[in-house]
Amino acid sequence: MKNLKKSLCVLGLGMLLAGFAAMPVKAGEPIDLNTYLMENTELVENSWTHAMNRTLPSNPMGSNLNLLPGYLAYTMESGRTIKLYIPQYAALRNYIYVIALPDGVEDTYAFLQEKGWIDIADTYGELLFVLEPADGKWGTPEEEAGYLYDCLHANIGNDNFGTRETDAGGLCQSGAIATEDGYSVTVFSGHSCNYYVGYGEGCAVLESWTANNPIFVAGQAFLGGASVGEEALNAAAAVAYNGINNGGYYPGFDDETFLATLKALKDEGLIASDQFITNADIAAPTLFAGYAEDDPSIAYWKGVNDCVEADEDGVFWQDIDSDAFQTRYTNSEFKAWEIGHGLSAVKVTENADLSAADLRAFLGIYTRYTNPFAYSNTLGVRTDYYTTALAARAAASAGEVAASYTYKNADGEEKPTDVYALEKTRLTVPEIGETGDFYVCIYGYQDNNQDEMLDPTEIFFYIPDSAKAAGKPVPVLEMCPGAGQQSTTIFDVSQYWAIANDNGFALVIISGNSNCSRSALAVLTENVAGDAGIECDLTRVYGSGHSAGSGAINGLVHSTENDVFAACSSTSMPNGLNTWTGTEYVPTFLMVGQADISEAYPGARVGDLVPEPWEVSEDPEINFAIHNWLTHLLAVDGITLDYTPNDKESFLETCSDYNETGFTHTYTFSDDNGVVIARFGRTMTREHNCMPQEFRLAWDFVKHYSRNEDGTRWYSESAFEEDDAVQIVQGEPIVLE
């Protein structure tokens, strides 16, 4: 890589990583988690819940690595066992393969190694979660239901407007392992929607769970087995999802209210049915290997996936015009990319002896996210850059500073930035091919623990070929993930890479610590941009984010980073009331879900995103976050949000424009010159989740703004394709108590 010269060796990082990754991995000799966790964890109070839990030592690579790599065995209280394989340098929230063994396996590690799963895990940093039959032989699906529940069940946030539960979910969903003293340890974290692979007698057992929980299935494969049976499949197909959200946030809507939402969307032609989604409506990519031609599961999953006739490779692709709720966005993208079939598929092959690499070639096309609310659960297309990410983490473990830069912080002081690793690849998209240059960078810009080393942070840079072909400086968008998401998760589920492809901007994904916008720009402009062959337009730097990342980027935009960002657009969290310290007005668009975050505990609702923007509480302890956010945002530009509280018509009169059709209803505010300066949106049927279609709306907002070095801001209706920019004149700020 250009400009990357070996220099100072930072012993602290190398020594820490060497110790962190030193757990042995031997065939047939797993580390016993029951013993290991009692001997190598400590009790710590959770700062949010104040509950005591055991914790593993934090890793030295910031917050982006799973805490316990190795081959691990765990015995549950029931006496049943699982095996885990967590590869070295596996990121938090990475993909998990849930593997159900066939009968008669005596050495789980040897089986995984023979099939190629260990190599797949090591190559891509993906986790293996292995279901094992009792005494080497599976029972019936009914007999195995308790074991599947312990391992795979989803976390429950509430029960039909009843009391909120505290169940954290099964082992695979939560990553939390109970210890013998009654506490638990979070050993790993996953993507939340997994790949499921069944072998032999394990197929029907695993299918009994996936058929009932397809919204958690990013993809599944069954080898050399047989169906769980028509009766079980038909029963699973009939299970319906109403408006009750069991994801842990706002509990959702009663049937009458939510059906009214679905009816409105159907009347607008946005969805095909105004009835509740059932499991039979939820596409789940599926591969069958070595199954009988007339096996009922093949016909069932073809129907679920709205498949048409098979191509020459035996793949039955989803109809591009399928009305499946979870694929409608990506299928619209496929149409724009001139791909002649839908996203999901069923593949059928006679060969039951497929390798793990063969299976990943099919499953790895897909990503799915998240929560257990069917109406904002999205199946998407997955790109491939994971070997590059692992290479960067491995390179950083050497503890050497490969390059150093400086940047100016908010106070104008020169600060150092140390790059520990920078790896590059070409990003590839299924059915399309290479689309741009992708960089994984691990670097430090601050020393929080005062160990005389800048703390490592992982960021992604994506420079699409469309940006390189622009022939002029290109805009930059910085995206901050939600809490615990990390770069790997948000890059896939936001599909911002596709928006960058279509619009020719440089994309920066900041992992774990979102207050590094200035230092990230330094690495981009001093190294990555030159290597990729672009010039960055620093008058058009935009902020975006989701959840905690949305709150963080909004906090920066409206305080210390006022002079960095031209505009901001994000989803599902405003900045806090104590962060409105910036003196410049920054045009901002915030979107939340119809069933987004609501206070999960009895008492005052603090930071509630669910009420409509015109709703205000007379109780000073109740904080309707959207009303407060809009009030403060407009006040910075000298505009008073003046309307009759809780009166919708009065609120609409204050808007310069509003739209209450489509999936995202928007409320827009303009300055005295008619320039849009603020927008709020509520997306129908969404809870606290990333939905890629909202990020297209985000880009369509921010692309119209720029900020010159002298502090003047501009709006261009053509997004600076024409000479039509008008200056935004800031009003006299209103000081709010």
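Values in this text are rule-based calculations from the coordinates and carry no lab data. Computed from a predicted model, the values in this text were never measured in an experiment. Positions of Cβ are generated from backbone atoms using ideal geometry, with glycine treated the same way; all protein chains shown enter the neighbour counts.
Between the listed residues Gly380, Leu152, Ile99, the Cα displaced farthest toward the positive end of the dipole of region 25-381, a dipole computed from Cβ unit charges relative to the Cα centre, is found at Gly380.
Excluding residues fewer than 8 places away in the same chain, name every one of the aspartates and glutamates whose C-alpha is closer than 13 Å to that of Lys263. Of all the aspartates and glutamates, those that pass the test against Lys263 - Cα under 13 Å, at least 8 places apart if same chain - are Asp255, Asp274. Ranked by the mean number of other Cβ atoms within 10 Å of their residues, highest first, the peptides 284-292, 686-694 fall in the order 686-694, 284-292. If only the Cβ of Lys and Arg carry +1 and only the Cβ of Asp and Glu carry -1, the dipole of region 386-728 around its Cα centre is close to 700 debye. Taking other Cβ atoms within 10 Å as a rough exposure proxy, Asp671, Asp596, Asp531 sort from fewest to most as Asp531, Asp671, Asp596. Grab the other residues whose beta carbon is less than 9 angstrom from that of Thr286, score K and R as +1, D and E as -1, and report the net. Net charge in that neighbourhood comes out at +2. Between the listed residues Leu521, Val616, Gly593, the Cα displaced farthest toward the positive end of the dipole of region 476-620, a dipole computed from Cβ unit charges relative to the Cα centre, is found at Leu521. Amide H of Val381 versus every other amide H placed in the peptide plane: which residues, excluding those fewer than 5 positions away on the same chain, fall under 5 Å? Under 5 Å from the amide H of Val381 lie the amide H atoms of Thr367, each far enough along the sequence or on another chain.
For Lys424, Lys263, the sequence from fewest to most other C-beta atoms within 10 Å is Lys263, Lys424. Neighbours of Pro133 by Cβ distance under 13 Å: Lys/Arg scored +1, Asp/Glu scored -1, total -4. When the charge dipole of region 25-381 is built from unit charges on Cβ atoms (+1 for Lys and Arg, -1 for Asp and Glu) and taken about the Cα centre, the candidate among Cys172, Ile282, Asn213 whose Cα reaches farthest toward its positive end is Cys172. Remark: region 209-313 carries a charge dipole of roughly 420 debye about the Cα centre, counting +1 on each Lys and Arg Cβ and -1 on each Asp and Glu Cβ. Other residues within the sphere of radius under 10 Å centred on the Cβ of Ala498, judged by their own Cβ, net out at -1 (K and R +1, D and E -1).
Across the chain, the relative contact order, built from alpha-carbon pairs under 8 Å that are at least six residues apart, equals 10 percent. Computed from the coordinates I sent, Cα extents along the principal axes in Å equals one of [x] 96, 63, 51; [y] 104, 63, 55; [z] 76, 64, 54. Tell me the label. Evaluating Cα extents along the principal axes in Å on these atoms matches [z]. Counting beta carbons within 10 Å around each of Thr631, Thr55 and listing the fewest first gives the order Thr55, Thr631.
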